[in-house]
Amino acid sequence: MDIETKIWKINPSAVADYSRQIDEAVRLLEKGEVVAFPTETVYGLSADATCEQAVDKIFRAKGRPADNPLIVHVAEYEQIGMLVTSIPGMARKLIDRFMPGPLTLVLKSNGTAAKNVTAGLDTVAVRMPDHPVAIEVLKASSVPLAAPSANRSGRPSPTDADHVYQDLHGRIGGIIDGGPTGVGLESTVVDCTGEIPVILRPGGITREQIEQVTGEVMVDPALADQKDQPKSPGMKYTHYAPESPLWLIDGDDSFFLDQLENLEQEGSRVGVIASSELATQLLDKRVISCGSRDDLKEIAVHLYKALREFKKSDVDVILCESFPEHGVGEAIMNRLEKAAVKKINQF
Ligand code: TXA
Ligand code: MG
């Protein structure tokens, strides 16, 4: 593949000044091309969700397995109703409380979304992003847009336009560069087709937040047990992988330092991804700090960029600190466990 990838730079706090750029991007989408745009979580790679051929270009550009369905993005509440057979009460409550925002609901599809969007399932995932550029593109588009994260399949999701460019230039019609994204991790995917909402993928909206609205919430057992077949098809693939193998270290700081020292003594070049608290103890090392371990939202913002930073040519192994699994920590650890080839526990 080698097509011209157009790049439009848009200042998200002044989208009204960029209607020409938005129009150009939307015209490409209406012609059946794929275009990447920023959302509040990560960059998405979008195409007309009602057009099978356009959606197929997303799968090809990403190298994404065909059995992994896509999220349909909308700008208005009414558009959700146009994609599904019905909106159950709990879904309505979640929509009222968290949309627009980093939440995706799985509902019964009415068949409006193309077959390959839903990978043949009878459900469709829907989300309303909370980002001025995404909203503007969706409003200008006459159709809903299917959009997975705008990375090559298996790589960390892009939190900056430059990450999209690294992975996809020459393979897609365009990239809307709206600067770095906010949340840093993808939306929480919640299945609302049963009696009780089920979290299929932890993300920007926490389990605690959902519980406050719906009372009860379940977590897909496959998230805890690798042997189960996950209900969210995407969760079974290798994901978020950095160039060099990542080892996830679960223990206190002195345990982490021991692992690092062992590897260095064996002659390995080690890169470290850590909290600022641990990073300050490693000033003479190759270390990337993602922020304070007391501020998991901050860690989430910087995590994917950190996973992209270390190159094969520089480090043989990446050691990464583990984080507490509460709040957005649940999503952070879900991604790190997928990114890791090995986990070392102190206890
Ligand atoms: O924050 C996000 O959600 C980003 C931005 C771009 O919106 N998008 C994103 O899309 O993360 P993607 O394709 O990387 O992840 C979509 C996830 C996958 O795990 C997929 O299997 C699941 O949602 N999914 C999509 N449709 C589904 C369905 N009908 N039933 C169950 N899971 C579904
Ligand atoms: Mg993805």
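For the reader, a short list of remarks on this structure follows.
- Take the conditions (1) modelled with pLDDT of 95 or more; (2) of a type outside the set (S, T, N, Q); (3) assigned to a loop (DSSP other than H, G, I, E, B); (4) open to solvent by 10 Å² or more (accessible area, probe 1.4 Å); F59 misses just one of them, which is (3).
- Subset of the range 118-141 [in a loop (DSSP other than H, G, I, E, B) and within 8 Å of ligand 1 (Cβ to nearest atom)]: T118, A119, L121, P129
- Check on E211, open to solvent by 10 Å² or more (accessible area, probe 1.4 Å) and either within 19 Å of K305 (Cβ to Cβ) or touching a residue at least 24 places away in the same chain (Cβ under 8 Å) (or both): no
- Test result for R64, crowded, with 20+ Cβ neighbours inside 10 Å and out of contact with any strand residue (DSSP E or B) (no Cβ under 8 Å at 6 or more places or on another chain): yes
- Test: residue in the range 257-271 that is farther than 19 Å from E186 by Cβ and in a strand (DSSP E or B): yes
- Hits in the range 142-160 (condition: more than 11 Å from the chain's Cα centre (by Cα), within 13 Å of ligand 1 (Cβ to nearest atom) and not hydroxyl-bearing (S, T, Y)): P144, L145, A146, R152, G154
- Test: G203 is in the same structural domain as D130 (by TED's automatic domain parsing), at pLDDT 95 or above, touching a strand residue (DSSP E or B) at 6+ places or on another chain (Cβ under 8 Å) and open to solvent by less than 60 Å² (accessible area, probe 1.4 Å): yes
- Restricting attention to the range 178-222, the residues being away from ligand 2 (no atom under 16 Å from the Cβ) and small (G, A, S) number 6.
- Residues located in the range 321-338, provided they are surrounded by 19 or more Cβ atoms within 10 Å (Cβ to Cβ), within 24 Å of L257 (Cβ to Cβ) and touching a helix residue (DSSP H, G or I) at 6+ places or on another chain (Cβ under 6 Å): E321, F323, G329, I332
- For the range 94-115, the set of residues classified as crowded, with 17+ Cβ neighbours inside 10 Å, more than 16 Å from ligand 2 (Cβ to nearest atom) and in a loop (DSSP other than H, G, I, E, B) consists of M99, P100, G101, A113, A114, listed by residue number.
- L307 being touching a residue at least 40 places away in the same chain (Cβ under 8 Å), more than 14 Å from I344 (Cα to Cα) and part of a helix (DSSP H, G or I): yes
- Search result, residues across the range 116-128 that are closer than 21 Å to E195 by Cα and open to solvent by less than 10 Å² (accessible area, probe 1.4 Å): V124, V126, R127
- The range 129-176, subset within 16 Å of ligand 2 (Cβ to nearest atom) and surrounded by fewer than 18 Cβ atoms within 10 Å (Cβ to Cβ), residue farthest from T104 (Cα to Cα): Q166
The values are calculated or read from the model by the stated rules, or taken from the named source; none is laboratory data. Here the structure is a predicted model, which is why all the values come from computation and not from measurement. In this analysis, Cβ positions are derived from the backbone assuming ideal geometry, glycine residues included, and neighbour counts consider all displayed protein chains. The area values use the complete protein model at the heavy-atom level, side chains included, leaving out ligands, DNA and RNA. Shrake-Rupley method; radii C 1.70, N 1.55, O 1.52, S 1.80 Å.
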